[in-house]
Structure formats: C-alpha cells, structure tokens
C-alpha cells in the first residue's frame, strides 16, 4: 500500500488552511530556518528547567508532560535546522 497520495493531501490541505488563516491539522513544508531552530531549543531548555522545579517541589506527575514537550521542541529544532 502506498501512502504518498495521503501524505501529499496532508500538505495540500494544510497549506490551503494556512492560506485562509485557519488553524491546520496537517503537514506544512517549510524552508530551513536557523532562528526558528534556536527558538525551539530555548523552549526545550525552559521545559527542562520546569522539570527540575517540579522535581524539587515533588510534583513528579507533571514531569512526563514536560519531557514530552522537550523532545517535541528538539525534534522541531532539528527539522527547522535541516
């Protein structure tokens, strides 16, 4: 089974929504952007700092969510960089 038509459709639908100013739930193709990559890294670092705060305050239940977003922002940084 090939997924290429569905993936292409995600790009087209997301771009159409973006052009209309609507919040999209698809994939957008973007160009390399070092500044955006740095912004994502800053967000990831902030999330790591929050993990430390939660750990000190014994709010351990919040740590997995912050770790998830740390990894998410790191992935976005890598994709933005390359």
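Read-outs throughout are calculated quantities, based only on the coordinates presented, and are distinct from any laboratory measurement. All values derive from a computational prediction rather than experimental measurement. Note that we place each Cβ from the backbone using ideal geometry, even for glycine, and neighbour counts take in every protein chain shown.
Secondary-structure-derived ellipticity at 222 nm for the chain, considering helices only, amounts to -24000 deg cm²/dmol, per-run term -39500 (n - 2.57) for DSSP H runs with n ≥ 4. For the chain, the longest principal axis of the C-alpha atoms and the axis of helix 63-81 are separated by about 40°. Label sites at residue 35 and residue 49, each approximated as a point 7 angstrom past Cα along Cα to Cβ, lie 2.2 nm apart. Principal-axis analysis of the Cα atoms of the chain puts helix 4-19 at an angle of about 80° to the longest axis. What the Cα atoms of the chain give is an Rg and a Dmax of 16.6, 50 Å. Specify the angular offset, from 0 to 90 degrees and rounded to the nearest 10, of the alpha carbon long axis of helix 34-56 from the longest principal axis of the alpha carbons in the chain. Approximately 30 degrees, to the nearest 10.
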